Amino acid sequence: MTTRERCLNILHYKDVDRMPAVHFGYWNECLYEWADQGHISKEVALAARRDGSEGQRELDKIIGWDCNWYNTVATNHGLFPRFEPKVLEELPDGSRRMLTGNGVIEKVKPGIVSIPSEDDYLLKDREAFETLFKPKMQFSPERVNLEFFKNFNETRDMEVPVGLHVGSVLGHIRDYVTVMGMSFLLYDEDEDLFADIVDTYADMQYQCAEAALATGAKFDFAHYWEDVCFKNGPLLSPEIFDELCAKHYKKRNELCHKYGIDIISLDCDGVTEKLIPTWLENGVNVLFPIEIGTWGDQFEPARKKYGEKILGVGAMDKIAFRKDKAAVDAEIERLKRLIDMGGFIPCPDHRIMPGSKFELVQYYAEEIKKIRI
């Protein structure tokens with residue numbers, strides 16, 4: 001069987017010969033560490049940074065992975081054009097205040113690689129939306145490379161699953177207004193404005209997906225990026241999330257169903273439990289990457305609550321890669337319980353991070369492929 005057949009069969013509760021070894025990419029710093037340690041060349045490290053790239057597939061072969069689940073193609077469904085990044089201020093400690101392409105002002109410290117420190121943002125009121133952002137949230141033919149999608153079926157790799165990235169209903173907007181700004185708009189300032197932002201952005205992304213699918217390009221799954229949760233739950237109330245977002249998931253997922261896509265995956269970090277009803281009721285059926293974090297496994301209780309209609313890719317605690325074989329073995333044993341439920345593909349619960357031992361990642365990929373179901 002091909003990796004594509006294995007993944008699709010598992011997510012349709014069909015037989016497979018073995019479990020596929022699936023991952024979710026790497027921190028760049030992890031790749032550089034492995035190059036410094038002599039496990040891979042610097043050329044491979046640089047080439048493997050982008051999901052689905054030829055360079056990453058080369059590294060997959062070296063390690064023993066079958067595929068990266070985040071192997072998707074996309075239209076230009078973000079702000080278009082983006083804001084021009086620029087340095088606004090040089091600070092005495094060597095850090096800078098910078099305007100990003102998202103219209104957010106960040107403090108950037110030399111040598112620090114982490115979630116950026118948001119200092120300010122432009123999308124604060126109706127005037128900023130109408131003049132600065134709304135024009136960048138409109139559909140235009142330039143957003144969709146029609147030639148690429150028309151030729152996609154002839155050029156795609158049939159050995160691995162490939163998804164159409166259909167965007168984000170709220171996650172991108174959170175990036176544009178920041179977590180603090182989203183809270184102010186929703187609860188203190190202008191919830192009607194926030195709803196207009198969500199509707200405007202979602203309509204554009206629907207048109208992008210529609211244009212791509214209308215070319216006849218065939219995909220194995222659709223995929224959303226939707227980071228709107230943290231370690232204690234959603235960044236906004238589930239009721240407001242449902243009111244704002246449910247209709248857009250439903251509309252976009254019905255479009256996917258029209259074109260034969262019945263596996264719809266969504267990437268949301270953190271504790272997602274309270275948002276699952278909105279996703280599940282409106283067509284999303286694959287949780288990814290199911291972060292373990294400090295709060296533990298979320299897939300098993302979700303399966304017990306919602307039954308076989310909820311599927312999963314992820315839930316492997318990648319911290320084991322920093323430890324030893326015993327830790328990896330223990331993690332695989334834990335994952336077998338989830339595998340036995342069906343409709344589940346184990347995958348590291350986020351990108352493989354610095355400090356991960358190359359030989360343990362190889363060992364995990366090898367052992368996962370030995371599992372028969």
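Any chance you could give the angle, 0 to 90 degrees and rounded to 10, that helix 191-213 forms with the longest Cα principal axis of the chain?
50
Kirkwood Rh and Cα-based Rg: tell me the resulting Rg over Rh for region 280-357, rounded to two decimals.
1.00
Can you report the principal axis dimensions of region 1-121 using only the alpha carbons, biggest first, rounded to whole angstrom?
Principal extents (Cα only, largest first): 59, 37, 20 Å.
Run through region 57-86 and list the trypsin sites (Lys or Arg not before Pro) located in a DSSP loop whose Cβ has at most 15 other Cβ atoms within 10 Å.
When the trypsin sites (Lys or Arg not before Pro) of region 57-86 are filtered for loop state and at most 15 Cβ neighbours within 10 Å, R82 remain.
So which lysines can K325 reach, going by Cα to Cα under 17 Å and dropping same-chain residues fewer than 8 places off?
Qualifying lysines at Cα under 17 Å: K336, K357, K369, K370.
Highest GNM mean-square fluctuation, the chain, Cα pairs closer than 10 Å: which of I105, I332, I240?
Largest GNM mean-square fluctuation: I240.
So what J values fall out for region 230-235 if you push phi through Karplus, 6.51 cos²θ - 1.76 cosθ + 1.60 with θ = phi - 60°, rounded to Hz, Gly and Pro as x?
Taking θ as phi minus 60°, the curve returns 9, 5, 10, x, x, 7 Hz for region 230-235.
Contour minus end-to-end for N151 and E300, with contour as 0.36 nm per residue of separation and end-to-end as the Cα-Cα distance?
49.6 nm
How many nm is it between the label spots at D203 and K258, if each spot is 7 Å from the Cα in line with the beta carbon?
Roughly 1.7 nm, to one decimal.
Before I look further, what does region 289-335 give for accessible area per residue, probe 1.4 Å, in whole square angstrom?
About 45 Å² of surface per residue is accessible.
What do you get for chymotrypsin sites (Phe, Trp or Tyr not before Pro) in region 1-59 restricted to DSSP loop and a cutoff of at most 12 other Cβ within 10 Å of the site's Cβ?
Y13
Any lysines with Cα under 23 Å of the K86 Cα? List them, leaving off those in the same chain fewer than 8 positions away.
Filter leaves K107, K109, K124, K134, K136.
I want the antiparallel fraction of DSSP beta bridges within the chain, as a percent rounded to 5.
Once the DSSP bridges in the chain are tallied, antiparallel ones form about 35 percent.
Label E359 and A214 with points 7 Å out from Cα along Cα→Cβ: what is the distance between them in nm?
Taking the two extended label points, one gets 5.6 nm.
Could you give the C-alpha radius of gyration of region 234-373 expressed as a fraction of 2.2 N^0.38 Å, taking N as the number of residues it contains?
Ratio of Cα Rg to 2.2 N^0.38 Å: 1.14.
Could you estimate the translational diffusion coefficient of region 100-150 from the Stokes-Einstein equation, with Rh from the Kirkwood formula over C-alpha pairs, at 37 °C and 0.692 mPa s, in whole µm²/s?
It diffuses with D of about 237 µm²/s by this estimate.
Under 4 °C and 1.567 mPa s, how fast does the chain diffuse according to Stokes-Einstein, given a Kirkwood radius computed over C-alpha pairs? Answer in µm²/s, whole number.
D, rounded to a whole number, is 60 µm²/s.
What accessible area per residue, rounded to a whole number of Å², is obtained for region 143-230 using a probe radius of 1.4 Å?
36
If you split all Cα-Cα distances of region 73-214 into 5 Å bins from zero, what percentages do you get per bin, shortest first?
2, 9, 16, 17, 15, 14, 12, 8, 5, 2, 0
Computing the accessible area with a 1.4 Å probe over protein heavy atoms, can you report the carbon and sulfur percentage for the chain?
About 50 percent, which is the carbon plus sulfur part of the accessible surface.
Please report, in cubic angstrom per residue, the volume enclosed by the convex hull of the alpha-carbon atoms of region 166-316.
Expressed per residue, the convex hull around the Cα atoms of region 166-316 is 103 Å³.
The values are calculated or read from the model by the stated rules, or taken from the named source; none is laboratory data. Fair warning: this is a prediction, and the values are worked out from it, not measured in the lab. Glycine gets a Cβ as well: all are built from the backbone with ideal geometry, and neighbour counts include every protein chain shown. Just so you know, the surface numbers come from the protein's heavy atoms only, side chains and all, with ligands and any DNA or RNA stripped out. Shrake-Rupley method; radii C 1.70, N 1.55, O 1.52, S 1.80 Å.
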